[in-house]
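Worksheet: the structure to be examined is printed underneath.
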Amino acid sequence: MTASFRETLHPGWGQTFEVGDILFELDTGHQHLLIFENPLFGRVMALDGAVQTTSRDEFVYHETLTHVPMFSHPDPKRVLIIGGGDGGILREVVKHPGLEQVTQVEIDAAVIDLCKQYFPAHSDGAFDHPKAHIVIGDGIEFVNTTDERFDIILSDSTDPMGPGEVLFTERFYQGVARCLNPGGIFAAQNGVPFLQLEEARNAHQRLGQLFADASFFMAAVPTYVGGAMALAWASDDPAIREQLSLDAVSQRYRATAMQTRYYNPAIHMAAFALPQYLQDACDQAS
Ligand code: AG3
């Protein structure tokens, strides 16, 4: 019999992976971490029974979460990443030539070490990039105490359970608001709203109290099953999103000459279109 892994993130229903070699299994003290091989998705990492990343489809998520905010901003120089221990977001952030500094705050050093070893293409050397500054620490503490200010803050967290839970609280969002520069943009993993509508509603309601503009953008990540994933968006200036043009995005994208596999300017503009059930949940929440 072949071994299998069944995701337990959504009660009553879950995707199943055939498990080839188990490469790593550990209780990190923060969470239960499992890395295994699957014939279709390559290497798969799960934390506490929820799929976090696979080598085959990670680019969809990392490119969208990074480049939609980065190319919406006219000139992002200072970036903060919360979580994101596999380095996929960091890899995409350092592709932006105008970047001056990126700080990443990850609570679990073990995740970074293991991902360097088992998912080297995720970070692709970015942890050693001269503009990258890695802090092992608590993201919520960091945003509430740092003197630094950022143009873009990206939260690449687990779902709101276990260590990721605090990254969906008012206190975290308040910290984000406090260290975002004027015109800055916050973006965050927010689950698949078809199955996790409450999480979208909560985030929207909390962010809406702190930011003039709170919304979502979307991407269909194959292994984040249950429909397209919602990525939270917040900024103090609604015009950044509402008046963004395809021309501006295309110009910024072309100027970097970067290679992407999912992201492009048309995807960028389309990502802001929300299904009506999510739009309605936002309207009720605000
Ligand atoms: N970040 C997002 C995992 C979320 C999975 N959630 C879900 N399917 N509802 C994982 C780390 C990627 N760098």
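The values are calculated or read from the model by the stated rules, or taken from the named source; none is laboratory data. Keep in mind the model is a prediction, meaning the values are calculated, not measured. Neighbour counts are summed over all protein chains in view; Cβ atoms, including those assigned to glycine, are modelled from backbone coordinates with ideal geometry. Side chains are part of the model used for accessible areas, which takes the heavy atoms of the whole protein and leaves out ligands, DNA and RNA. Shrake-Rupley method; radii C 1.70, N 1.55, O 1.52, S 1.80 Å.
Remarks
- Annotation note: Cβ proximity below 9 Å between a residue of the range 107-118 that is not assigned by TED's automatic domain parsing to the domain that holds LEU33 and a residue that is outside any helix (DSSP H, G or I) and aromatic (Phe, Trp, Tyr) (sequence gap 6+ or interchain) occurs for LEU114/PHE24; GLN117/PHE24; TYR118/PHE24.
- Annotation: of all residues in the range 148-178 being in a helix (DSSP H, G or I) and within 26 Å of ALA46 (Cβ to Cβ), the one that is most open to solvent (accessible area, probe 1.4 Å) is GLU165.
- Check on GLY85, without any contact (Cβ under 8 Å) to a residue 40 or more places away in the chain, surrounded by fewer than 21 Cβ atoms within 10 Å (Cβ to Cβ) and within 29 Å of ALA257 (Cβ to Cβ): no
- Positions within the range 61-112 being among the small types (Gly, Ala, Ser) and in a strand (DSSP E or B), in sequence order: GLY83
- Identity of the residue in the range 88-101, among the aliphatic types (A, V, I, L, M) and open to solvent by less than 10 Å² (accessible area, probe 1.4 Å), that ends up farthest from the ligand (Cβ to nearest atom): LEU99
- In the range 39-77, the residue that is nearest to the chain's Cα centre (by Cα) out of those that are open to solvent by 20 Å² or more (accessible area, probe 1.4 Å) and of a type in the set (S, T, N, Q) is GLN52.
- Residues in the range 1-34 that are within 16 Å of the ligand (Cβ to nearest atom), part of a strand (DSSP E or B) and open to solvent by less than 30 Å² (accessible area, probe 1.4 Å): PHE5, PHE17, LEU33, LEU34.
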